[in-house]
1. For the condition at pLDDT below 95 and over 30 Å from residue 452 (Cβ atoms), what is the one hit in 333, 366?
2. Which ones in region 297-310 are surrounded by 14 or more Cβ atoms within 10 Å (Cβ to Cβ), over 26 Å from residue 407 (Cα atoms) and touching a Ser or Thr at 6+ places or on another chain (Cβ under 9 Å)?
3. Run down 186, 222 and say which single residue is of a type in the set (Lys, Arg), out of contact with any Ser or Thr (no Cβ under 6 Å at 6 or more places or on another chain) and farther than 26 Å from residue 419 by Cβ.
4. Within region 269-282, restricting attention to residues that are over 17 Å from residue 259 (Cα atoms) and of a type in the set (A, V, I, L, M, F, W, C), which residue is surrounded by the most Cβ atoms within 10 Å (Cβ to Cβ)?
5. Pairs under 7 Å by beta carbon, first residue over 16 Å from residue 239 (Cα atoms) in region 421-445, partner small (Gly, Ala, Ser) and assigned to a helix (DSSP H, G or I), six or more apart or different chains?
6. Residue 258 - would you say it is of a type in the set (D, E, K, R) and free of Cβ contacts under 8 Å to residues at least 24 places away in the same chain?
7. Considering only region 218-255, how many residues are among the β-branched types (Val, Ile, Thr) and in a loop (DSSP other than H, G, I, E, B)?
Amino acid sequence: MAARTGSRRWWTLAILPAMAVSACGGSRLTHDAIVTAVNGGPLSTGAAAPQQQQQEPESAVSALPQNGVAQPLAGTAGAGGVSGGAGNATSSVTGGAAAGAGAVSGAGTAHPGAATGSGRTTAAAAGPLPPILLGNIGTYSGPVGSTTSVIPTMLQVWVQWVNAHGGIAGHPVQLFSADDGGDPAKQRAEVQDLVENKHVIAFISNFAPLNVGASISYLEAKHVPVIGGDMAGLEWTTSPMLFPVGTTFDPAIESTLKAAHKANATKVAAVACVEAAFCEHFLNHVSETAGRYGDQVVYSARISIAQPDFTGQCLQAQQSGARAIAIAADAGTSERLARSCARQNYHPLYMTLAQGTSNQEADDPTLDGLLAPSPAFPYMVPGGNPEIDAYHAAIRQFSPGLAGSGGTAIAWVSGELFKKVASNIGPQPTSDAVLNGLWALRNETLGGLTPPLTYVAHQPAPPVSCYFMVQIRGGRWDAPSGANYECL
């Protein structure tokens with residue numbers, strides 16, 4: 001398992017990063033720290049940030065050389081500059097020309113081997129082919145940042161790794177990462193800015209489940225695909241521009257029921273947050289499908305992630321005879337729930353989704369045995385698969401302090417899937433070329449990084465019903481079946 005450094009909290013698929021409030025534990029990052037990480041600097045995770053975030057300067061962009069260290073340019077404030085986008089959007093650019101070539105200049109000053117421009121324009125390729133411009137958007141600041149800030153950091157690791165190995169089809173890769181601050185209107189404005197002003201041809205690993213619907217109609221009108229992301233909610237199988245890179249929402253829920261039956265814990269309680277609409281869908285889907293897997297739902301309840309104690313719910317689940325509890329809430333809530341139940345001498349099997357877990361949970365003995373289906377490869381698998389080995393090698397080279405998580409695995413897979421479909425993108429990269437590459441895939445696993453993926457032209461993505469299982473065992477996260485997926 002990766003060292004427990006860096007962000008302690010995994011992305012929450014069934015529960016939204018927006019629910020990662022301070023009551024859940026973990027440190028809170030400033031937006032400066034996040035942007036510094038996006039631009040190649042280390043992600044500081046050891047210290048809690050001040051409650052009031054500092055406002056960042058407009059029109060500053062950090063250069064990102066291929067050694068993975070961001071250097072401030074003339075006129076920027078420190079290493080973590082950002083560029084202003086539409087609607088006061090905040091975005092950063094990562095990457096550049098392959099193998100030691102150019103960086104973006106925020107001051108319009110020429111640098112050796114670098115292209116020049118403003119904070120809102122894109123560097124020209126140093127080589128014969130133009131760069132492939134990609135976007136990423138998520139909720140990376142505020143209380144959500146402690147959960148989601150790992151995503152742009154992992155993406156910049158992927159960009160640097162790809163460029164260090166020659167780019168994609170001869171093109172260097174550049175990534176613009178934007179923070180929507182949890183505001184749907186801001187997300188819509190930022191997406192439009194990235195498409196129309198930054199000229200991105202695709203988005204990868206978008207982690208903004210509360211806001212994903214805000215930009216779907218625009219992306220559909222512009223035919224710009226989103227490859228991978230949180231995959232929380234039903235949007236990922238209802239829009240033809242969203243391409244899930246692993247297990248989709250309903251099958252992920254059902255996989256917990258299958259796991260309960262396999263563990264002979266067929267009487268199930270289900271608890272889900274009140275803060276998100278798809279938490280209600282979680283409860284409904286558990287009730288509707290439990291019988292299909294030989295389970296019986298004996299108790300269900302809505303809970304709040306702000307609750308300090310869950311004794312009442314634990315007692316009712318225990319009195320109902322539940323031997324397993326399926327949880328749709330963030331990792332901190334799962335920990336408080338398990339501790340509340342343990343105080344009543346109640347120790348059921350806990351189940352949640354892998355993106356809703358944290359490294360920290362493995363340290364809590366009340367959660368020992370927790371099962372979590374993961375939509376992408378189990379990051380803690382140490383080696384033996386060349387594709388997973390590359391993931392570990394990239395982190396060691398470009399961000400050695402970064403802790404692996406379900407979120408980092410999804411970010412890596414999102415990038416690798418883009419690389420696969422863009423392998424023959426041609427001299428002028430376009431969104432249409434990316435879409436055609438996606439629609440040509442049939443049962444693609446990226447060498448074992450994902451369950452089989454197939455997409456249908458101009459149609460929403462089919463559900464993905466295979467998954468990887470991870471579990472807390474003996475104080476550490478483990479993959480009982482290694483890097484092998486199973487299916488419903």
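The values are calculated or read from the model by the stated rules, or taken from the named source; none is laboratory data. These numbers come from a predicted model, not from an experiment. A quick note on method: Cβ atoms are made from the backbone with ideal geometry, for glycine too, and the neighbour counts reach across all protein chains shown.
1. 333
2. Within region 297-310, 297, 298, 299, 300, 310 meet the criteria.
3. 186 is the lone residue from the list that is of a type in the set (Lys, Arg), out of contact with any Ser or Thr (no Cβ under 6 Å at 6 or more places or on another chain) and farther than 26 Å from residue 419 by Cβ.
4. Here is the first cut: in region 269-282, the residues over 17 Å from residue 259 (Cα atoms) are 272-281.
Filter again for of a type in the set (A, V, I, L, M, F, W, C), leaving 272-274, 276-279.
Numbers: 272: 24, 273: 26, 274: 14, 276: 23, 277: 10, 278: 22, 279: 22.
Among those that are over 17 Å from residue 259 (Cα atoms) and of a type in the set (A, V, I, L, M, F, W, C), it is 273.
5. 421/437; 422/437; 425/433; 426/433
6. Working: of a type in the set (D, E, K, R): yes; free of Cβ contacts under 8 Å to residues at least 24 places away in the same chain: no.
Judged against the criteria, residue 258 is not a match.
7. Taking region 218-255 and keeping what is among the β-branched types (Val, Ile, Thr), we get 224, 226-227, 237-238, 245, 247-248, 253.
With the extra rule that they be in a loop (DSSP other than H, G, I, E, B), the set shrinks to 224, 238, 245, 247-248.
Going through region 218-255 one residue at a time, the tally reaches 5.
Each row is one residue, and each column tells you yes or no for (1) under 30 Å from residue 222 (Cβ atoms); (2) in contact with a Lys or Arg (Cβ under 8 Å, 6 or more places away or on another chain).
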residue: 431; (1), (2): yes, yes
residue: 459; (1), (2): yes, no
residue: 462; (1), (2): yes, no
residue: 468; (1), (2): no, no
residue: 472; (1), (2): no, no
residue: 478; (1), (2): no, no
residue: 488; (1), (2): no, yes
